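A short write-up of the structure that comes next.
Where a number appears in this text, it was derived from the coordinates with a stated rule and is not lab data. Since this is a predicted model, take the numbers as computed values, not measurements. Note that each Cβ is placed from the backbone with ideal geometry, even for glycine, and that neighbours are counted across all protein chains shown.
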Amino acid sequence: MTVRVHLDTDFGGDPDDACALAAILGWPGATLLGITTNLDRDGTRAGCVNHLLGLAGRGRVPVAAGAGSSLTTGRRFECTWDDRRYWPRPPEPRPARPGAALDLLARSIDAGATIIATGALTNLALLEVARPGSLAGVRVVATAGWLGGLPSGFPPWGLTTVDASIHYNPLP
């Protein structure tokens, strides 16, 4: 079984995105069509992705820096690209022309990709605003690697622990 995948990620903030990328690269039958980054100030997250792809010998996977800030708050989030604890040398930033991430995301969708989103869904939201209906019928797997307290105003759902069991549900 072959699965076409596009990764939309806020890579370079915490390790879940690197783990997701490594899992996709090692997934038998997965074809990684492209990677878009979000919350990407000046292409620093795309630079981190490109660096990891190079280490894995997969530097030909298309990468495009996308949204630079949150759509709901306008807030920018810094990447770890210049933190020596994570990167011995800062990866070279890879800024993209405006719209490049949406174009790459659309090409992957047109090629039948399942979109795996590990972080903010900003690029997906921008794609749907710019090109209404683009995500209709598209398989989207949304994940997150950060859990924190709920902001005020959210219902008290009572989440006090995280179920640490792993459930494997392969994509058909």
Computed magnitude of the charge dipole of segment 3-143 (debye, nearest 20; Cβ of K, R +1, Cβ of D, E -1): 260
Over the alpha carbons of segment 3-143, what is the largest minus smallest coordinate on each principal axis, giving the biggest first in Å? 42, 38, 25
Could you check the spin-label model distance between Trp87 and Ser152? Points 7 Å from the Cα along Cα→Cβ, value in nm. 3.7
Trypsin sites (Lys or Arg not before Pro) within segment 10-118: DSSP coil, no more than 15 neighbouring Cβ in 10 Å: Arg58, Arg60, Arg75, Arg76, Arg84, Arg85
Amide H within-cut-off set for Thr31, under 5 Å, with H built and near neighbours excluded: Val3, Arg4, Val5
If I take the Cα coordinates of segment 1-52 and project them onto the principal axes, what are the three extents in Å, biggest first? 37, 18, 16
Could you give log10 I(q)/I(0) at q = 0.14 Å⁻¹ for segment 44-116, computed by the Debye formula over C-alpha point scatterers of equal weight, without solvent? -0.53
